[in-house]
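The values are calculated or read from the model by the stated rules, or taken from the named source; none is laboratory data. Keep in mind the model is a prediction, meaning the values are calculated, not measured. Glycine also receives a Cβ, built like all others from the backbone with ideal geometry; neighbour counts cover every protein chain displayed.
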Amino acid sequence: MASETSIANRALQKLGAARITSLTENSVEARACSACMTVLRDAELRAHPWNFANGRATLSADATPPDFGKANSFQLPVDCLSPRENDFNSLSKDWLIEGKKIFTDESAPLFLRYTKKIEDVNLMDPLFQEAWACKMAIEMCEELTQSNSKKAELKDDYKLAIREAKKANAIERIAQQPPEDDWVTCRY
């Protein structure tokens, strides 16, 4: 069973550094892992629409409309890292995201697909875990090894790991059909 400590140890293994028993232990390695783990996890989750991090929500409009611009505002879910386009509405058409709110002229309810903040490592794809560990190793390399050549090797490892993770993710996803363009539908 995977854990944050096992992800950290995988990153440390890539660096050739000493392993840890806990992220809270008093060691240079544990402090380095703790400093970058959460930030890099969320960044990697946000960087790509991972299937394991899919979230859906039906949003109600805020009671108070926006001061100007769009007609309605909607509060994003607490665990939302980034909204995604979906079959019900399109981010590129009418959504403006400011902070943790969506401003739009669309009426309630607003159907939202989004990237969820996944904190349980066991819910993550193993290939994503590997890419996350590689990213952590790159981030900690300077602090723990002071080796530029090691950092370059780790960047290559990361590129391979993220490519494999994205490929597996894409295979599991149904091909998305783009909406028909107005130029096509006007012929009917």
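Would you confirm whether or not the range 36-51 contains a residue that is under 22 Å from Ser3 (Cα atoms) and of a type in the set (Ser, Thr, Tyr)? Checked the range 36-51: at least one residue is under 22 Å from Ser3 (Cα atoms) and of a type in the set (Ser, Thr, Tyr).
Residue count for the range 24-60 satisfying the condition of being outside any helix (DSSP H, G or I) and of a type in the set (Phe, Trp, Tyr): 1. The condition (being farther than 30 Å from Leu96 by Cα and either within 22 Å of the chain's Cα centre (by Cα) or assigned by TED's automatic domain parsing to the domain that holds Gly99 (or both)) is satisfied by just one residue among Arg46, Arg56, Arg84, Arg10: Arg10. If you go through the range 53-74 and keep only what is touching a Pro at 6+ places or on another chain (Cβ under 6 Å), under 30 Å from Asp120 (Cα atoms) and surrounded by 13 or more Cβ atoms within 10 Å (Cβ to Cβ), you end up with just Ala57. Would a scan of the range 107-119 turn up a residue that is touching a helix residue (DSSP H, G or I) at 6+ places or on another chain (Cβ under 6 Å), of a type in the set (A, V, I, L, M, F, W, C) and assigned to a loop (DSSP other than H, G, I, E, B)? The answer is yes, given that some residue of the range 107-119 is touching a helix residue (DSSP H, G or I) at 6+ places or on another chain (Cβ under 6 Å), of a type in the set (A, V, I, L, M, F, W, C) and assigned to a loop (DSSP other than H, G, I, E, B).
Please go through the range 12-26 and pick out each residue that is aliphatic (A, V, I, L, M) and in contact (Cβ under 8 Å) with a residue 60 or more places away in the chain.
Of everything in the range 12-26, those that are aliphatic (A, V, I, L, M) and in contact (Cβ under 8 Å) with a residue 60 or more places away in the chain turn out to be Leu12, Leu15, Ala17.
Only one of the numbered conditions (1) in the same structural domain as Glu164 (by TED's automatic domain parsing); (2) crowded, with 18+ Cβ neighbours inside 10 Å is not met by Val28, and that is (2). Residues that are hydrophobic (A, V, I, L, M, F, W, C), crowded, with 18+ Cβ neighbours inside 10 Å and under 21 Å from Ser149 (Cα atoms) within the range 9-25 comprise Ala11, Leu12, Leu15, Ala17, listed in sequence order.
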